Amino acid sequence: MAHASRHCPAPLRSLVVLALAGLTAAILPGPGAALADDSSCRTGGPRPRTSYGTAEPLGSGTVRTYAELDGKRPVAVGVVLTRSALDNLPTEMTDRKRCFDVNGDGVIEEATECAGGHEHILDLPPALLALPGMPLEWSLLNWQPMGHGPVGVYDKPHLDVHFYLQPKAERDAIRPGPCGIVINCEDFATATKPVPPEYLPADHGDKGLAEVGMGNHLPDLTAGEWHGVPFDRTFIYGAYDARITFLEPMITVADLQRTEAGTASGKCADIKQPQAWQQPGWYPRQYCVRYRGDRQQFTISLEDFSRR
């Protein structure tokens, strides 16, 4: 059961139109506005301020990060994709940026010797980065046309959306090699150092999914996809050198299509919480997937932040 929303943007009927001497200006809500339908939504006070990162090409559209801030409190941090971003996406398995000749035969086999799908580096809005207690530093979206391993778990077309707590230079230093998911063996050992149990929810565990240019992936081992239920969306903690380094919602194209059609199982899901965080600050308790028809936009976001 999802947490009740701690914030609800103003409904569309509160659109303010100012007209003075024939000049009209409209104050429009941000990407998450008017999408919540929780009856506990607040009715008074100013609407959270929305700011954006730099737009990057994706498919026939664009993707960029956004943040909704209520003073010095984060309300939502996510990515917004135009509907056309799902059209004409690359069909090759990867962009071949992160490959290694694992078997030493002089030929790169994309299916087994490349990783990362199609990588899109996204900057977070400056207003978010300036927020006191904000641990997130940058974002990475990976388009996975054929999914990725393990076989039968995550091998469906999907988007990986990483929100990094780790500096980008440190992430970039995770080298390719023959171990794990095309990762240098020394870096594999560093990536798979156990995170102290108080900093990782008990249901999330190590399946040896350490990857070049990312670190280790620690999935929720109670999630349906590990028990024969087809994968549609899930949440993963990332780690490197015994520290949590990224937060990652993973969303299938099929789930985005159901969201657009209004037949998805829900908008938001809980993020299982550790007992404590290694770096104190603002952390999300939910991730959400929404579609706004009037703007033809999807949002994939972290929400319901608390300061820990």
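Read-outs: derived from the displayed coordinates by stated rules, not from any lab. This is a predicted model, so every value here is computed, not measured. All Cβ positions, even for glycine, are placed from backbone atoms using ideal geometry, and neighbour counts span all protein chains on display.
Dipole magnitude of the chain about its Cα centre, charges +1 at Lys/Arg Cβ and -1 at Asp/Glu Cβ only, in debye to the nearest 20?
1520 debye
The rule of thumb for compact globular proteins, 2.2 N^0.38 Å, goes into the C-alpha radius of gyration of the chain 1.02 times. Over segment 86-127, the fraction of Cα-Cα pairs per 5 Å bin, rounded to whole percents and listed from the shortest bin up, is 5, 22, 19, 16, 14, 10, 7, 4, 2, 1. Look at the alpha carbon pairs under 8 Å that are at least 6 residues apart: their mean separation over the length of segment 106-148 gives a relative contact order of 45 percent.
The 3J(HN,Hα) values that the Karplus relation (6.51, -1.76, 1.60; θ = phi - 60°) gives for segment 163-173 are, in residue order, 10, 8, 8, 9, x, 4, 4, 5, 5, 5, 7 Hz. Gly and Pro appear as x. Sorted fewest first by neighbouring Cβ atoms within 10 angstrom, T299, T91 come out as T91, T299. Past 31 Å, Cα to Cα: identify those pairs from K72/K267; K156/K267; K72/K156; K72/K207; K97/K267; K168/K272, in the order given. Among K72/K267; K156/K267; K72/K156; K72/K207; K97/K267; K168/K272, the Cα-Cα distance tops 31 Å for K72/K156; K72/K207; K97/K267.
Our coupling estimate for segment 210-225, obtained by passing each phi through the Karplus curve with A = 6.51, B = -1.76, C = 1.60 and θ = phi - 60°, is 6, 10, 3, x, 9, x, 8, 10, 10, x, 7, 6, 9, 5, x, 5 Hz, Gly and Pro reported as x.
Taking label positions 7 Å along the Cα-Cβ direction at both R49 and A130, the computed distance is 0.7 nm, reported to one decimal. Taken as Cα centroids, segment 195-267 and segment 159-192 sit 16 Å apart, rounded to the nearest whole angstrom.
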